[in-house]
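Heads up, the thing below is written out as structure tokens.
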Amino acid sequence: MKTSPAHTASGEHYFVPQPSYYPAILSAGMFLLALGFVQLLNHMAPGKWVMLGGTAVIIYVLFGWFGKVIAESQGGAYRDWEDRSFRYGMIWFIATEVMFFAAFFGALFYVRMISVPRLGDMMAMHGFSLWPDFAGTWPTSGPKGAAFTPMGAWGIPALNTALLLSSGATVTWAHWGLLRGKRSQLALGLAATVLLGSTFLGFQAWEYHHAYSELGLTLGAGAYGATFFMLTGFHGFHVTLGTVMLAVILLRSLSGHFSAERHFAFEAVAWYWHFVDVVWLILFVFVYWL
Amino acid sequence: MNTASTHAAEHHGEYHPGGLRRWLTTTNHKDIGTMYLTFSLIMFFVGGLMILAVRAELFQPGLQLMKPEFFNQLIGVHALVMIFAALMPAATGFANWMIPLMIGAPDMALPRLNNWGFWLLPPAAILLTLPFTLALFGIGDGAIATGWTFYAPLSVQGGMGVDFAILAVHILGISSIMGSINIIVTIFNMRAPGMTMMKLPLFAWGWLITAFLLIATLPVLAGAVTMLLTDRHFGTHFFDAAGGGDPILFQHLFWFFGHPEVYILLLPVWGLMPHVLATFSRKPTYGYTAQVYSFIAIGILSVVVWAHHFFTAGMPVPALIYFMFSTMAISLPLAVLFFCWIATMWKGAMTFETPMLFAVGFIVLFGIAGLTGLILADVAADAQYHHSYFVVAHFHYALFAGGIMGVMTGVYYWLPKWTGHMYNETLGKLHFWLTVVSFNLTFIPQFFLGLAGMPRRIPDYALQFAEFNAISTVGAFILGLSQLLFAWNIWSCIRGGPKVENRVWEGADGLEWELSSPPPHHSWDTQPQVK
């Protein structure tokens, strides 16, 4: 096995940033957030205020740290060598996100293929069962769960699939605009993507409301409710993050950032958006449809 | 392109705060490596004190010193501290210090992220141990008491300590993921011109596979403990059969992370062993390519064998057989590594300085871990040994003799490079012999206890187990006290001692030995050309 050296010229100097307070402050903010969350969960009075403080610190750092990185980028501190570090970093970050979703999909497949059928088969296989009447079919809220109506695939979920797929197309169209120097196409494509993402989130909020108020489908609705809300919920959270990041990229494009040659931030957000898109497709098939 | 002048300007304006601010704000891989290693050493003693309290309780049958609940808390937090706050940070500290030096890089690829990775650790350690303190003030019922594995349903029913541990694991996970991303990017993007992947030092290779394993498995642990949190507080039924879930699901998710975690702890050590063995045998490493492919094979196998940790929980026979044989298959690439280590020493001009003593001790004792692991991998035998002291002894041979002694090997080997001073060789050798003898005194009796049927994680035991437990406790206290020698030796080596050359050890080979000891602030400001 022979690979070529990963970078080009020697004698080049890599950009090593100056000392920075942001990482330590971010850690302190996360500590407060975690501490407050534990307090909140255990019904201790200061919990939500500690969480609020932690969130404020984290938001401050996000502005400060990303602001510094954007300033460095605009100041020309990053060349191909640094750019490649960011790209590799983003790719492996998305890989961790994939594995995070894999855990929840794993849980879904496990309950559907193993734990629920086994609970239904206990009487036949072992001659005893705590719940002899439990059929072990999917969807279910389990032997002791309350009745609920599962979420159908062909209403809002199908519409949301169309929305996310088109948003993948609009962000690519924006990228073409950027590559060809058509700034208005760039801005328009990004704005359309943000709009599609927000509409998706609006529909999902409506769907959650519908589930809770009319279908009896809640987080507590057994294995189905847990996997449904945790998978779609974490996905929705990622769409929210992606939409915010796209909005930032839109604002940066409007202020003239990014060139056809150098636009790592744009691409990182676009990759992230496509990742969220693919997760949705798998979700649509296994959570809503099959 | 006028890089030379802009570069000079950059250096001219460089800002080096002193005191605490230096450590809080640093973006320098050596400073960050030092922080990781210092943190690791402190937490090694914290985790050690916890388990000495446990061993004191187990010195005699009956309950003498503590309530069973507190005993359970000490055991669980001991494991979490040793794994996440002592061993993993030590390995990350090595990576930070050595990978840029070894591959000819000016620094790690993402220096601010690097700093964040470290500074996430102290908050996580506080979250993990805070419940002990809170319990003293009557808040909550102490730290997590489920053992480090968080098994449901015990962890679903547990107190506030479980919430703290879940959040601590989240933060530790983010820290490890940031560290891993940084190491992967550094190895892929920062190598000196001419250093192809198959010229990459084995330590970097070991860490590369470790980093991939962390990226593949830590998010799954994060998902598992998130499900636990929602089961505890938000009414989900992931691990509750009444809702169609299954407590065994937690075991699957946990060990999908937990088994690769063993290799996460060991691969950096397997990476550094060939460097030490080759140096003190004054021969090139034997079987470089074979070792690289073994690392890769072990990395891949490690993510498909997880269910051997709960053979007795109940699963279909084909699953048992699959997990048994896949687990045993790991011994093949591992045996390749053992033979490469031994062949590296074969007919070498060997000397036994402290790092070499630790390396040879590692090979012997880690070999015992591997062989007893094969016994546990056997489904039929495991029905007898599962959850007994045999398991405890086995994984301490893997993680203390394999992990911690491997880290000590690295510390003694590289300390002169880091500080520019030679440590005290006599004290080092004394530390080695005390450690090896007392380690075996602690854990060999535990094999016998396990074979005789003593279960883990129980503060009291039948009278027939009394002698072996007493011996084990004596061994544990000697082992713990011997580590003070280690701390003292490191401290005095930082403070002073005979100056060392660039190439600290006569037989050492690699880019890291071409830089001064200690190395300059920006390690390889100009990248070397590797032929």
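Just a few scattered comments:
- Those lysines that a straight Cα-Cα span of less than 24 Å connects to B:Lys499, excepting residues fewer than 8 apart in one chain: B:Lys30, B:Lys417, B:Lys429
- Taking amide H as placed 1.01 Å from N in the peptide plane, B:Ser388 has its amide H under 5 Å from the amide H of B:Arg456, each at least 5 places away in sequence or on another chain.
- Spacing of the two label points (7 Å from each Cα toward its C-beta) at A:Trp49 and B:Ala383, in nm: 6.0 nm
- FRET efficiency for the A:Ile91 to B:Leu463 pair, using the beta carbon distance and R₀ = 51 Å, is estimated at 0.30.
- Taking packing as the residue-averaged number of other Cβ atoms within 10 angstrom, the listed peptides A:139-151, B:261-273 run from highest to lowest as B:261-273, A:139-151.
- Each label was represented as a point 7 Å from its Cα along the Cα-to-Cβ direction; for A:Trp289 and A:Arg118 these points are 2.9 nm apart.
- Net charge dipole, the protein assembly as shown: roughly 1060 debye, given to the nearest 20, about the Cα centre with Cβ charges of +1 for Lys and Arg and -1 for Asp and Glu.
- Percentage relative contact order, chain A, counting C-alpha pairs under 8 Å, at least six apart: 17 percent
- Long-range HN-HN contacts of B:Ala143 with modeled amide H, under 5 Å: B:Phe132
- Phi to ³J(HN,Hα) by Karplus 6.51 cos²θ - 1.76 cosθ + 1.60 over segment B:504-511, Hz, x for Gly, Pro: 4, 10, 3, x, 6, 9, x, 4
- Nonlocal amide H pairs with B:Asp240, under 5 Å, H built at 1.01 Å: B:Gly245, B:Asp246
- Annotation: for a label point projected 7 angstrom from Cα along Cα→Cβ of A:Leu130, residues of segment B:152-191 with backbone N closer than 17 Å are B:152-158.
- FRET efficiency, 1/(1 + (r/R0)^6) with R0 35 Å, evaluated for B:Trp346 and B:Leu484 via beta carbons: 0.45
- Listed residue (B:Ser302, B:Gln446, A:Gly136) projecting farthest to the positive dipole end of the protein assembly as shown, Cβ model: B:Ser302
- Seen from a random direction on average, the alpha-carbon convex hull of segment B:403-518 projects onto 9.0 square nanometres.
- One Cα centroid belongs to segment B:293-328, the other to segment B:181-245; the line between them spans 18 Å.
- Extension gain, B:Ile375 to B:Ala335: 0.36 nm times the residue separation minus the Cα-Cα distance gives 12.8 nm.
- Evaluating 6.51 cos²θ - 1.76 cosθ + 1.60 at θ = phi - 60° for every residue in segment B:526-531, the Karplus couplings come out as 10, 5, x, 9, 9, 8 Hz, glycine and proline recorded as x.
- Mean partner shielding of peptide A:29-39, defined as the number of other chain Cβ atoms within 10 Å of each residue Cβ, is 6.
- Computed E for B:His521/A:Phe237 - FRET, C-beta separation, R0 56 angstrom, nearest 0.05: 0.85
- For chain B, the relative contact order comes to 18 percent (Cα pairs under 8 Å, sequence separation of at least 6).
- Whole-Å distance, taken between Cα centres, linking segment B:80-98 and segment B:256-273: 11 Å
- Shielding score for A:219-229, defined as the mean number of other chain Cβ atoms within 10 Å: 6
- The mean number of partner chain beta-carbon atoms within 10 angstrom of a residue's beta-carbon across peptide B:173-182 is 3.
- If you sort the three axes of the alpha carbon gyration tensor as a ≥ b ≥ c, you get a/c of 1.5 or more for segment A:110-151 and a/b no higher than b/c, which makes it oblate.
- Take the Cα of B:Arg22, go 7 Å toward its beta carbon, and the backbone nitrogen atoms of segment B:497-531 under 20 Å from that spot belong to B:497, B:499-500, B:516-525.
- Note: relative contact order over segment B:129-243, using C-alpha pairs below 8 Å and six or more positions apart, is 25 percent.
- Selected from A:Trp280, A:Trp131, A:Trp49 as most flexible by GNM, with chain A as the system and alpha-carbon contacts under 10 Å: A:Trp49
- With the highest mean first, a sort of the peptides B:509-518, B:490-499 on other beta-carbon atoms found within 10 angstrom per residue produces B:509-518, B:490-499.
- Convex hull per residue volume in Å³, alpha carbons only, for segment B:25-514: 144 Å³
- Put simply, when B:85-98, A:86-99, B:116-129 are sorted by average Cβ atoms within 10 angstrom per residue, most first, you get B:85-98, B:116-129, A:86-99.
- C-alpha center-to-center spacing [segment A:27-72, segment A:79-144] in angstrom: 30 Å
- Rg to Rh, two decimals, where the protein assembly as shown supplies the alpha carbon set and Rh follows Kirkwood: 0.97
- The modelled label-to-label distance for the pair A:His209/B:Asn502, using points 7 Å beyond Cα in the direction of Cβ, is 7.1 nm.
Every read-out reported here was derived from the displayed coordinates using simple, explicitly stated rules and does not represent laboratory data. Note that the structure is a prediction, hence the values are computed from the model and not measured. A quick note on method: Cβ atoms are made from the backbone with ideal geometry, for glycine too, and the neighbour counts reach across all protein chains shown.
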